[in-house]
Amino acid sequence: MYRAGIALYITLEGKMFGHIVLKPEIGRSPVYDNVYNKQDSTQVFTCAHCGERISLNVVECAGRKSRDPETVVEPDHGAEIRQHFGILEKSLANGWPRLSTVACAKCDCQYLVYVAAFEPRNGWQQLVLQGITELLPSSPSLQPTASGRD
């Protein structure tokens, strides 16, 4: 479970990111491994605005509903998203960056979720939850990808 601690809030006009719930980190362990540790893929964090618990299924966030940095919001914001999360070509976990959005069921605050999808061998998938950041209301059009309802 991830909890919002001291939050960074960017209020500059034209910016798309607000509270940072989880910052990317090299060496973070997978939260899901479909071969060696078939644990529950649900992660929970607290909405930075209203305190509601938001559940997200990491497998869904990295699966068919996920997108790459250039398509999770309007296409011309891919570079800004890559810079925010520190994504070069591959993700920090040497896998592919998969992004999705999730909304708070209580206040409708939108969050951008970054999952590193790594496939060490065919059929073996490891998912690392690398980032959760609030998308400000002034952000570009969102492409809904996941439900955050508990």
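The values are calculated or read from the model by the stated rules, or taken from the named source; none is laboratory data. Everything numeric in this text was worked out from a predicted model, so none of it was measured. Backbone-built Cβ (ideal geometry, glycine too); neighbour counts: all protein chains shown. For the accessible areas, the whole protein counts, side chains as well, though only heavy atoms, and no ligand, DNA or RNA atoms are used. Shrake-Rupley method; radii C 1.70, N 1.55, O 1.52, S 1.80 Å.
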Please state which of the following conditions Lys90 fails to meet, knowing it meets all the rest: (1) modelled with pLDDT of 90 or more; (2) touching a Phe, Trp or Tyr at 6+ places or on another chain (Cβ under 7 Å).
(1)
If we keep only residues of segment 118-136 that are among the aliphatic types (A, V, I, L, M) and part of a strand (DSSP E or B), then the residue farthest from Gly18 (Cα to Cα) is Leu127
Counting just the residues of segment 65-80 that are in a helix (DSSP H, G or I) and open to solvent by 70 Å² or more (accessible area, probe 1.4 Å), which one comes out modelled with the lowest pLDDT?
Pro75
I'd like the residue in segment 1-56 that is at pLDDT 75 or above and among the basic types (Lys, Arg) and, out of all such residues, is surrounded by the fewest Cβ atoms within 10 Å (Cβ to Cβ).
Lys15
